[in-house]
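Read-outs throughout are calculated quantities, based only on the coordinates presented, and are distinct from any laboratory measurement. Only a predicted model underlies this, so the values are computations on that prediction, with no experimental measurement involved. Don't worry about glycine lacking a Cβ; one is built from the backbone with ideal geometry, like all the others, and counts go over all protein chains shown.
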């Protein structure tokens, strides 16, 4: 049997390229994803210029901290499930019960939007306002149906 020379495959890295297979670009994790953490200027909102929170903003954040910590200790699927149940109840049950369920959802979404407002881009702010407005409008409709 004659020995044939094997041609190098073009699909497999050879030489120096083979050594670089395990190398990752800066910021890439072991799973091939890049880290998307961006540094923000100290004391600023990250959206252009430093801002100093007002006394009302500090009071809101201070008052919200205990509830946020309690929510953080819950299983991650529980709060969205409760909000979904309230939203469905509000949409399918007419009258004061539907209004109350949708009002709770609107208040919760509005509260989260208010807390995250300083770090949101203008487009995200508009979407949050739209979401709160749609849920609040649905609540009012349920009250009068």
> At residue 130 and residue 100, where each label point lies 7 Å from the Cα along Cα→Cβ, what is the point-to-point distance in nanometres?
Replying inline: 3.2 nm
> What ranking of 86, 74 emerges when the number of other C-beta atoms within 10 Å of each C-beta is taken as an exposure proxy, fewest first?
Replying inline: 74, 86
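Using the count of nearby Cβ atoms within 10 Å as a rough guide to exposure, how do 116, 54, 64 rank from fewest to most? Could you put the intermediate results ahead of the total?
Values: 116 12, 54 9, 64 15.
In order of increasing Cβ crowding within 10 Å: 54, 116, 64.
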> Which residues in region 68-89 place their backbone N less than 13 Å from a point set 7 Å from the Cα of residue 115 along the Cα-to-Cβ direction?
Replying inline: 68-74, 79-80
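I need the shape label for region 80-145. Rule: rounded when a/c is under 1.5, else prolate if a/b > b/c, else oblate, with a, b, c from the alpha carbon gyration tensor. Spell out each step's value before the answer.
On the way: a/c = 2.98, a/b = 2.04, b/c = 1.46.
Because a/c hits 1.5 or more and a/b exceeds b/c, region 80-145 counts as prolate.
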>> With 10 angstrom as the radius, rank 117, 77 by how many other C-beta atoms surround their C-beta, starting from the fewest.
In response: 77, 117
